[in-house]
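Quick notes on the structure that follows.
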Amino acid sequence: MHFSRLLFPFLFILFFTLNAPAQTSKYKCLVQMNSYRGEAAYVIISLVTPQGAYDKTLYVLGSDKQWYNTLKQWHKYQTKTKAKLSAITGASIAGGDRAVHVIELDDAKINKGYKLRFESAVEEQKYHVADVEIPLTTEGLAERATGDGYVRFVKFSKVQ
């Protein structure tokens, strides 16, 4: 059999495998806030690499861009990447309130050392770089995670 007849199908499959879009899954993300006094909180939900660097902004609770600089670590990342946030931005969230948003996660990054980071800030109050950090694992997505600052807890459920 001629070599090129074997090579062409292999290259065809390889090309489409490497260029296939990433498989993603959607999750409902419930964020329940602690009761606190003051303005509504801005909360950033980010995907963080195993090395601790920001990989992607998944959702922004807080739409007024003038306050983004209060989320110091994320703001450094955002000003470098200049990612479009309009499709993943919603209202800020007040003390005692809850919010549910759908976020999309890359299935290939689950169980690979990544984390979901919930960074929070309230005007003229303390900033929490990692109010909640959840390992991006099958178990981490199934459990309720408790916050250390304004966030009381976070709970995920997969959208079917």
In the neighbourhood of Arg37 defined by beta carbon distances under 12 Å, the net charge of the other residues (Lys, Arg +1; Asp, Glu -1) is -3
Report the label-to-label distance for Thr146 and Val159 in nanometres (one decimal), using points 7 Å from each Cα along the Cα→Cβ vector.
3.0
Taking K and R as +1 and D and E as -1, what net charge do the other residues with C-beta under 13 Å from the C-beta of Lys155 add up to?
+4
At 0.36 nm per residue, minus the direct Cα-Cα distance, what do Val129 and Asp97 gain on full extension? Give it in nm, one decimal, please.
9.5 nm
Assuming 0.36 nm per residue, please report the length gained on full extension of the stretch His75 to Arg37 beyond their Cα-Cα distance.
11.2 nm
Normalising by the residue count of the chain, find the relative contact order in percent from Cα pairs under 8 Å and 6+ residues apart.
32
Please give the contour-minus-distance gain from Glu104 to Lys28: 0.36 nm per residue of separation, less the Cα-Cα distance, rounded to one decimal in nm.
26.5 nm
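Only four residue types carry charge here, +1 at the Cβ of Lys and Arg and -1 at the Cβ of Asp and Glu. Report the dipole size of the chain about the Cα centre in Debye, rounded to the nearest 20.
Rounded to the nearest 20 debye, it is 360 debye.
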State whether the chain is rounded, prolate or oblate according to the following rule on the C-alpha gyration tensor (a ≥ b ≥ c being the square roots of its eigenvalues): a/c under 1.5 gives rounded; otherwise a/b larger than b/c gives prolate, and the remaining case gives oblate.
prolate
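A short reminder: the numbers here are calculations on the coordinates, not readings from a lab. Since the structure is predicted, the reported quantities are computational estimates derived from the model, not experimental observations. Quick reminder, even Gly has a Cβ in these numbers, built from the backbone with ideal geometry, and neighbours come from all protein chains shown.
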